[in-house]
Structures are given as C-alpha cells and as structure tokens.
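Taken together, the values in this text are just the output of simple stated rules run on the coordinates, not laboratory data. These numbers were taken from a predicted model, which means no experiment stands behind them. Note: ideal-geometry Cβ built from the backbone for every residue, glycine included; neighbour counts use all protein chains shown.
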Amino acid sequence: MKVPLCKPYFDEKENEAVKEVLDSGWLAHGPKTKEFEKLFADYIGVKHAIAVNSCTSGLQLALHASDLRGEVIIPSFTFVATANAVINAGCKPIFADIKYDTCNIDPDDVENKITKDTVAIMPVHYAGQSVDMDRIMDLANKHNLVVIEDSAETIGGTFNDKKTGGFGIGVFSFYPTKNITTAEGGMITTNDSELAHKIEALKAHGVSSSAFERERKEKPWLRDAIYSGYNYRLPDVLAALGIVQLKKLEEMNRLRRAHACYLNENLSKEFMDLPVEDARAKHVYQMYTIKLHDNIDRTKFLKFLRDKEIGASVHFDPPVHKQSFYKNHNASLPVTEKVSEKIVTLPMFPGLKKEELDYIIKVINEAIKFSLI
Ligand SMILES: Cc1ncc(COP(=O)(O)O)c(C=O)c1O
C-alpha cells in the first residue's frame, strides 16, 4: 500500500470553478480574487485579507509595508522561508528557542531576545497549532513591537477561540501540503485599513488600483505607481480554487483532527512522544509529527517507512540557524536542536482512509523493532 505524505482534497467543484474562470477570460487580479479575499477575511474575523502568490511573498510584504528596520524574533525550528522573508525585507532574524511539547516558539526565550533594536516578533504556528498568543501579544504591547503571525501551517486553528492570523498581521500559505491549497498562493490578514491598502498596491507593482477596479473608472488606462512594488499577485484561476477549498476547510480540518485522534490512540507511546495539544488551542494538524526517543535510530526508522511506501518526512532538520546561509547567526537553541534530531512527519491529509491509518500504525511498529539502538 502506498501512502503519500499529503494529498489535495479535490472533487468536481474545483474543476468547475477553474473552468468557469478560464471561460470568463478574466484570469488575474479580478473578481475571483476579490471574492476569495472577502470570504477569507470573514472566515478569520478580520477587516481585510489580501491574496498573494505565496506565504513567503506575504511575509516579506507584511514586513515591508510595516516600514520595519531592525531585529525580528523568529523560531529557527521552521521552514527557511520565514527567515528568508526577514532578510529580504531588509531586517535581521533573531532566533528564539521552542517549547519541547508543542514545538512552538517559547515566549520566555522571545522575552530574553528582545533588545532596543527589536522591531517585530514573527511567531510560527507550527504544524496546525497556535503559539501562546496571550504571551506574545503581551510582550508586543509591552515593548511596542509589530506581530506578524506566520500561519502558513495553520488555517482554521484557534487560540482562546480566536483564529490564528487574527492577532497581529496574519500570513497564510496555500501550498499543496497546507490546510487548503491553490497549488501556490498565500493571504495576508489585518484589521489595519491603511496597511491593507499599502499591501494591495505593493503586491501589484506599487499601482494604487487593480485593472478590475480601474475598469470601473472614467479613465481606466491611467496607472499611478505610489511605491516601487512587486508582482506578488495570486491569479484568479487559483483564487477560484481557494474559494472552493475554503468552503470545505472546516470539514477537512475535522477529518484531520479525527485521523490525528486515531493515530494518538493507536501509536505506541513507549518509543515516541506524540503531538501535545495546548488546551487553549484548536490544533488543525496540517502535519502530524512525532518525536522518537533516544533508543530509536531516526534514519533507519525513516528508511524503513519509506521502503514500505509510507511518505514519512522531517519538518524540520536542520533548523534554520544550522543551514549554510544562516550559520553565522549565532544562537543557542538547545530544544530546537534536540527536537530537530528526533522529529518525524507522518502522512496527514483529509482523505486518509482507515486502512491507510492502520497500515501506518502496523509499519511503525515494525520500524521500531528494526531501528532500536
Ligand atoms: C512556516 C512556514 N512559513 C512559510 C512557508 C512558505 O510558504 P509558501 O510556500 O506559500 O511561500 C511555509 C511553507 O512550507 C511554512 O511552513
């Protein structure tokens, strides 16, 4: 049996939605993007959502539009895009450690890393579970810092019943492994109208209005660049996919949670630590990750699973501060380093079948025997 790491949850509706846009002839920066943005803003519970072509572009735009120059505190236990966006926006990443249980950034270490040069905190909601946003917002308010939530891995997750991306400036990813997908794509959320208008312009060459909006004006041919912007737009073809996916999100997250629950009940806790849920957070399991105990050889374990056609992987090793470009960013991050050596990502997607879950559990039991040290 072959079980991939992830699989999009599509049906005829996605095909029809894409065909409708193709037939309409309006393929980019048009009505479907606006519709997707409105639905997304309503879903998160914020005033504005701005669609972009990736979360990485969105993180960079969120920093750029906030006019930040200085240190941005981020976890090193993340996909490198988090740190790259900080560098590419002209800021300096400062790495904070994580908490072992949730693998989320440790607010105590964030506090340790705040200096007179700190301008922002960029927490990453890892694998579908919110960071402790009470602590992060308290620190940000106390030190007058911007909060940009890298919510690439958490769409629909909550902290004290409030959706991630609704605390600071939220940035989401719609890459195929994420809770919803548009193939490539992202979204920025904010309650700040001025910031939203700036991001709208920055994502589209710095021009103050979209082609679709200009068509409704007296002289639609006039374009005015108010910034030296980028082209970070999400095509309407992909926004159409996003609309269909967003409507299915609650159901898809319910399925993810049910699969996680089944794995939690059936995997042996003797040789690994299973995901830990913070009682204040709703975990939406964008990924299902386990941490192997010291008596299991992870390389052997992973190879065994992959030989049996289970698409197991690792998120994340090496952590960002150990990667070539970042190796001069000195950081002492003992928990990050320990977790990155032990973590394993198992298949997780809404359409997983019971037979597939049972197969994963059976093969893991064999893999443990095979990789015991
Ligand atoms: C935490 C985190 N940030 C940013 C990204 C980048 O997202 P995108 O591929 O949409 O640019 C990812 C994607 O894997 C991620 O996991």
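Quick one: what does P(r) look like for region 1-119 with 10 Å bins over all Cα pairs, in whole %? With a bin width of 10 Å, the distribution comes to 11, 25, 31, 21, 10, 1. Between ILE74, ILE343, ILE180, the residue with the greatest mean-square fluctuation in the GNM of the chain (Cα pairs under 10 Å linked by springs) is ILE343. Kindly state, to the nearest 0.05, the FRET efficiency for ALA258 paired with ASP134, given R0 = 30 Å and r defined as their beta-carbon distance. FRET efficiency, ALA258 to ASP134: 0.60.
Springs between Cα atoms under 10 Å define the GNM used for the chain, and in it the highest mean-square fluctuation of LEU222, LEU246, LEU357 occurs at LEU222.
Largest mean-square fluctuation among SER324, SER332, SER66, in a Gaussian network model of the chain whose springs join Cα atoms under 10 Å apart, belongs to SER324.
With no solvent and one point on each alpha carbon, what is the Debye value of log10 I(q)/I(0) for region 12-247 at q = 0.17 Å⁻¹? These q points yield log10 I(q)/I(0) values of -1.19.
Give me the Debye-computed log₁₀ of I(q)/I(0) at q = 0.25, 0.28, 0.30, 0.33 Å⁻¹ for region 274-315, equal point scatterers on Cα only, no solvent, two decimals. Debye curve over Cα of region 274-315, log10 I(q)/I(0) at q = 0.25, 0.28, 0.30, 0.33 Å⁻¹: -0.95, -1.05, -1.12, -1.21. Calculate the FRET efficiency for ALA225 and SER24 from the Cβ-Cβ distance with a Förster distance of 30 Å, rounded to the nearest 0.05. Efficiency computed from Cβ-Cβ geometry: 0.60. Bridgeable lysines around LYS113 (alpha carbons under 22 Å apart, same-chain partners fewer than 8 residues away excluded): LYS92, LYS99, LYS142, LYS322, LYS327, LYS338. Determine the relative contact order of region 50-152: mean sequence separation of Cα pairs under 8 Å and six or more apart, normalised by residue count, in whole percent. Relative contact order comes out at 27 percent. Rg and Dmax over the alpha-carbon atoms of region 249-371 stand at 15.5, 47 Å. Short to long, the 5 Å bins of the Cα pair-distance histogram for region 217-291 hold 3, 11, 13, 13, 12, 9, 9, 8, 7, 6, 4, 3, 2, 1, 0 percent of all pairs. Each residue of region 105-243 gets 133 Å³ once the volume of the Cα convex hull is shared out per residue. For region 45-53, backbone phi angles converted through the Karplus equation (6.51, -1.76, 1.60; θ = phi - 60°) give residue-by-residue couplings of x, 10, 6, 10, 9, 10, 7, 9, 7 Hz, Gly and Pro being listed as x. Distances between placed amide hydrogens fall under 5 Å for GLY156 paired with THR164, all partners being 5 or more residues away or on another chain. Annotated for region 186-256: lysine pairs at least 8 residues apart or interchain, Cα distance under 24 Å, count 4.
Each other residue within a Cβ distance under 11 Å of ALA367 adds +1 if Lys or Arg and -1 if Asp or Glu, for a net charge of +4.
Counting 0.36 nm for each residue step from PHE10 to LYS34 and taking away their Cα separation leaves a gain of 6.4 nm.
Each other residue within a Cβ distance under 10 Å of VAL124 adds +1 if Lys or Arg and -1 if Asp or Glu, for a net charge of -3. Listed values for region 168-179 are Karplus-derived 3J(HN,Hα) couplings in whole Hz (6.51 cos²θ - 1.76 cosθ + 1.60, θ = phi - 60°), namely x, 8, x, 9, 10, 10, 10, 4, x, 7, 8, 5, and x replaces Gly and Pro. The separation of region 114-184 from region 237-316, counted between C-alpha centres, amounts to 20 Å.
The value of relative contact order for region 123-272, using C-alpha pairs under 8 Å at least six residues apart, is 16 percent. Relative contact order, whole percent, for the chain stands at 24, derived from Cα pairs under 8 Å and 6 or more residues apart.
Counting each DSSP H run of 4 or more residues in the chain as -39500 (n - 2.57), what helix-only mean residue ellipticity at 222 nm follows after dividing by all residues, to the nearest 500 deg cm²/dmol? Write out the running numbers ahead of the final one.
Values: 12 runs with 146 residues, N = 373.
About -12000 deg cm²/dmol.
Within the straight-line cut-off of under 20 Å between alpha carbons, the lysines reachable from LYS369 are LYS269, LYS291, LYS300, LYS303, LYS308, LYS342, sequence neighbours fewer than 8 places apart in one chain being disregarded.
Exactly which GluC sites (Glu not before Pro) in region 288-373 are in a DSSP loop and have at most 16 other Cβ atoms within 10 Å?
Those satisfying the criteria are GLU309.
The longest stretch of the chain left intact once loop-based trypsin sites (Lys or Arg not before Pro) with at most 15 other Cβ atoms within 10 Å are removed from consideration, loops following DSSP, is 117-215.
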